[in-house]
Amino acid sequence: MPEYLTESVSISRYLRPNESLEIEANVPNPGQIVAIASAKWDHIFPPDPTKRFLEIFKPNTSTSIVNRLDSGFAIKTFLSHPVTTNDTGIWKARVTNRENSAETFKLILSYPGTTRLKIIQVPVSIIDAFVEQTLGKITIHITNGENESYIRFPASMNVSDKHFTVSGYNKTIGLPWPLSDITIREHVSDINSKAVDVTLENNTNDFLNGFIDMNVIFETSGHEIKGTLDANIGHMDLTVKLGIIVENRHITYQKDNIDVDFPITINLVNVPDFIEDAINGLTSFRKKIRDAVIKEIRNVFASNSTHQAITNALNDQLHTLLGNNAQIVSAKVENNSLTIKYYNS
């Protein structure tokens, strides 16, 4: 069955107890009609939810086809019903204040409008090639010093380097007499990414529309930790997962749901067995490195400039498939395909 762009109408008004608010819409096509009623908790002390009765009416009927009495613990009350080809026409929604006090209510009625949506299913292998042109060209450098570490995007994205700091580790260890105390000083040194694998993955409970999965692989030559005790860092696989959403008619990712992991290990080189405190200390240094990198990488992808640049780059590529002035309504990755619903304005 064809799908149509959702349109909506809304109204709000101050309702006394048992007063009602109604709204109508001319529904031209089949699909789903949704009514949403909302009201704040009442102003009586102590405040409590605003009870309401929500109804939806088919064309030319005086009895609701579906209704719901809601205690109002949630700010919004939802109600929906399918619209068939025989049901097009003037639909109506009504909300009634069933509370003992007056409150302002808002009523929204959403319905299938006149713009027919186009639907395209694209194998993820094709989208992976698009994503690879942007996120696959990222480079990451991690080293000692204030703001000396950075993540660098390809020049075509017009995003400046994002700098961050991974602090060093300092600890004085007391040794038994007659040995003198020693101070352990360590820092990360010249860690560079060598490749970024980027794929589009199917939807999960954490990412309902699917996600972009980045796996950053680092060079492993030399000692990645230097100082009093040199060490190697193992399992240097940085993963970044960006949940796919549609925002402002563009495919993009959620800035508030960015999953980053950096499960590194530290392997000490030629450390005397008796310096057990030093080993324990470097274990805390591992956490310090991991936490700093995870925090800064998440901040980079959550920044407005990075988010906008990646959004622009992805949609510039997608428009070669969707045509000029494509307005994307929804996008979801499942069964190894990206399903996009859109229209051309």
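The values are calculated or read from the model by the stated rules, or taken from the named source; none is laboratory data. Predicted model, so just to flag it, every value in this text is computed and none were measured. Glycine gets a Cβ as well: all are built from the backbone with ideal geometry, and neighbour counts include every protein chain shown. What goes into the accessible areas is simple: the full protein's heavy atoms, side chains included, and nothing from ligands, DNA or RNA. Shrake-Rupley method; radii C 1.70, N 1.55, O 1.52, S 1.80 Å.
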How many residues are in contact with a Ser or Thr (Cβ under 6 Å, 6 or more places away or on another chain) and assigned to a loop (DSSP other than H, G, I, E, B) when one looks only at the stretch 160-180? 1
Condition broken by ALA129, with the remaining ones in (1) closer than 19 Å to VAL240 by Cα; (2) surrounded by 15 or more Cβ atoms within 10 Å (Cβ to Cβ) satisfied: (2)
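Does GLU186 satisfy the criteria of being within 28 Å of VAL131 (Cβ to Cβ) and either acidic (Asp, Glu) or surrounded by fewer than 13 Cβ atoms within 10 Å (Cβ to Cβ) (or both)?
Details: within 28 Å of VAL131 (Cβ to Cβ): no; either acidic (Asp, Glu) or surrounded by fewer than 13 Cβ atoms within 10 Å (Cβ to Cβ) (or both): yes.
So GLU186 does not fit the description; no.
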Subset of the stretch 1-39 [within 10 Å of ASN97 (Cβ to Cβ) and among the hydroxyl-bearing types (Ser, Thr, Tyr)]: TYR14, SER20
Open to solvent by 70 Å² or more (accessible area, probe 1.4 Å) and in contact (Cβ under 8 Å) with a residue 24 or more places away in the chain: which single residue out of THR220, THR252, THR228 fits that description? THR228
Quick count over the stretch 199-215, residues being open to solvent by 50 Å² or more (accessible area, probe 1.4 Å) and on the phi > 0 side of the Ramachandran plot, is 0
Of the residues in the stretch 301-332, those that are under 17 Å from the mean Cα position of the chain (by Cα) and open to solvent by 20 Å² or more (accessible area, probe 1.4 Å) number 9
Among the residues in the stretch 140-156, are any in contact with a helix residue (DSSP H, G or I) (Cβ under 9 Å, 6 or more places away or on another chain), part of a loop (DSSP other than H, G, I, E, B) and under 30 Å from ARG286 (Cβ atoms)? yes
Residue pairs meeting the criteria (Cβ under 6 Å; at least 6 apart or on separate chains; first touching a residue at least 24 places away in the same chain (Cβ under 8 Å) and over 13 Å from ALA25 (Cα atoms), in the stretch 85-105; second assigned to a loop (DSSP other than H, G, I, E, B) and of a type in the set (Asp, Glu)): ASN97/GLU19; GLU99/ASP42; SER101/ASP42; GLU103/ASP42
Is the stretch 55-68 home to any residue that is part of a strand (DSSP E or B), surrounded by fewer than 20 Cβ atoms within 10 Å (Cβ to Cβ) and of a type in the set (D, E, K, R)? yes
